[in-house]
Amino acid sequence: MKEIILKKGKEESLQRFHPWVFSGAIARVPSGIEKGEWVEVRAADGTLLGRGHYQIGSIAVRMLTFGSQPAGADLYEERLLNAFRLRQALGLIRPDNDCFRLVHGEGDFLPGLVVDIYGDTAVMQAHSPGMHRERSAIADALVGLPDAKIRNVYYKSETTLPFMARLDPQNGYLIGRYDGNIALENGLQFNIDWLKGQKTGFFLDQRDNRALLERYAAGREVLNMFCYTGGFSVYALRGGARRVVSVDSSSKAIALTEANVELNFPQGAPHEAVATDAFKYLDNLKEGEFDLIVLDPPAFAKHKSALRNGLVGYRRLNAKAFERIRKGGILFTFSCSQVVSREAFRLAVFSAAVQSGRKVRILHQLTQPADHPVDIAHPEGEYLKGLVLYVE
Ligand code: SAH
């Protein structure tokens, strides 16, 4: 294994098990090193700090082991089994729930890797050249997992690998084949389009928050903005909502939402779906038409450089919802931007409340579910935050 030597004093974060080595911390990169290759990382005095995957970029190494812990051939098997046992312990593998996130990158000690399970299919995304390079070994380890019953592994990394790495990955099955695509979440059915859909085809990270919304839905008129597959809408309908309107700018998302409502309520449901821009829809909305509104937009700030504009976006969007929601209404509002902190998001929502002159109380503070764990040494793994608000 080639060796990366750090600059003096740059070993501290690794000694605290933070899994990233930034390029600025490196004194010497060996010649001939390939993107994604395994490397040993050593302190300036030669002490072995651990082993990981090398790549070109601001994050130069993603660590998989620390200290002298070996990086054996069974590393993926062991980590995946550990991840699977955790999901079992979380109670996510049940007859009425067969979709969950099996691997959440650093949160499962597999930096650069995401694996979502839909029934017997694993959808795998590499976010690092290292995981791309290791994709077959990982796919083999996935189907070999005892009790997991994974038969197909779909590799979907065309948009997740750093463009600069020029790896040109092809989406496709590494193992198995297309084999039906209906997944069960808390007893509800969803068509999951991992071939063409966003991310791995479904936003598993809102499962718990959708279940919470179900508890508030009875008798309410619900507006689900940025609905994508209609997850919140289907839960609201099961919860007894009087009426649900789903909005998304993508007509494909609207078709998916309609199909999912039809799948769960074949005898019909008080639901309509509208393909339009969320901001425009809110502008044209009659005041007081809805008493439960969900705002789950895409990340408004994908990088630190976009933080300021992103926060303005959250404030504007939430202000529109506050201005339109019925008295006594409930607002579920989210941000999935990793660079927007919990405090910054809350402040943006607070500014929106002030701007609209409504009296607002926080009922719940939401986050990502337990199958998206955060390694305490790697706080960057936390990204989803939400507030449930009572608006008077
Ligand atoms: N709430 C969804 C996930 C939302 S993903 C769930 O629980 O699964 C974000 C969605 O916002 C995408 O489907 C995207 O098409 C949509 N979107 C992006 N910009 C939009 C806009 N300006 N108006 C309406 N929808 C938009």
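The values are calculated or read from the model by the stated rules, or taken from the named source; none is laboratory data. In this text the structure is predicted, and so the values were computed from the model without any measurement. Because the Cβ atoms are built from the backbone with ideal geometry, glycine has one as well, and the counts that use them run over all protein chains shown. Quick note on the areas: whole protein, heavy atoms, side chains included, nothing else; ligands and nucleic acids left out. Shrake-Rupley method; radii C 1.70, N 1.55, O 1.52, S 1.80 Å.
Tabulated values for the structure
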quantity	calculated
Candidate lysines for bridging to Lys359, where Cα separation is under 18 Å - those fewer than 8 sequence places away on the same chain excluded	Lys320, Lys327
Residues of the stretch 115-220: accessible area per residue with a 1.4 Å probe, Å²	43
GluC sites (Glu not before Pro) restricted to DSSP loop in the stretch 1-49 with at most 15 other C-beta within 10 Å	Glu34
Long-range amide H partners of Tyr173 with built H, under 5 Å	Tyr155
Rotationally averaged projected area of the stretch 108-155 (alpha carbon convex hull; nm²)	3.1
Karplus (6.51, -1.76, 1.60) ³J(HN,Hα), θ = phi - 60°, over the stretch 276-293, in Hz, Gly and Pro reported as x	6, 6, 4, 5, 5, 4, 5, 4, 8, 7, 5, 5, x, 5, 10, 10, 8, 10
Sum of -39500 (n - 2.57) over DSSP H runs of 4+, divided by residues of the chain (222 nm, nearest 500)	-8000 deg cm²/dmol
log10 of Debye I(q)/I(0), alpha-carbon scatterers only, for the stretch 97-200 at 0.15, 0.20, 0.24 Å⁻¹	-0.58, -1.02, -1.42
Whole-number Å³ per residue for the convex hull built on Cα positions in the chain	139
Value of Rg to Rh for the stretch 328-392 (Rh from inverse mean 1/r over Cα pairs, i.e. Kirkwood)	1.03
Helix axis angle, 307-324 relative to the chain longest principal axis, alpha carbon, degrees	20
Percent breakdown of C-alpha pair distances by 5 Å bin, ordered from the shortest bin, for the stretch 1-93	3, 14, 23, 21, 15, 10, 7, 4, 2, 0
Carbon and sulfur %, accessible surface of the stretch 167-281 computed with the full protein complex present, 1.4 Å	49
Highest to lowest packing among 297-306, 341-350, scored as the average C-beta count within 10 Å	341-350, 297-306
In Hz, Karplus ³J(HN,Hα) per residue of the stretch 330-337 (6.51, -1.76, 1.60; θ = phi - 60°; x = Gly, Pro)	10, 10, 9, 10, 10, 9, 10, 7
Within a Gaussian network of the chain (alpha carbon springs, distance under 10 Å), most fluctuating of Ile325, Ile33, Ile138	Ile33
For the chain, built as a Gaussian network whose Cα springs stay under 10 Å, the top-fluctuating residue of Ser251, Ser31, Ser23	Ser31
The stretch 163-214: C-alpha gyration tensor shape, a/c 1.5 cut-off, then a/b vs b/c	oblate
Of all accessible heavy-atom area on the stretch 61-159, the percent that carbon and sulfur account for (1.4 Å)	50
Kirkwood hydrodynamic radius over Cα pairs of the stretch 140-291, then Stokes diffusion coefficient at 10 °C and 1.306 mPa s, in µm²/s	92
Bridge type composition, the chain - antiparallel percent by DSSP, nearest 5	65
Separation between Cα centres of the stretch 32-68 and the stretch 282-339, rounded to whole Å	41
Hits among aspartates and glutamates - C-alpha to C-alpha of Lys7 under 17 Å, sequence gap 8 or more where chains match	Glu40, Asp45
Estimated D of the stretch 239-370 in µm² per second, where Rh is the Kirkwood radius over Cα pairs and Stokes-Einstein applies at 25 °C, 0.890 mPa s	153
Using alpha-carbon coordinates, inclination of helix 75-89 to the longest axis of the chain, degrees	30
Ranked packing of 220-226, 364-370, most packed first, by mean Cβ within 10 Å	220-226, 364-370
Rounded to 5, the percent of DSSP beta bridges in the stretch 1-83 classed as antiparallel	80
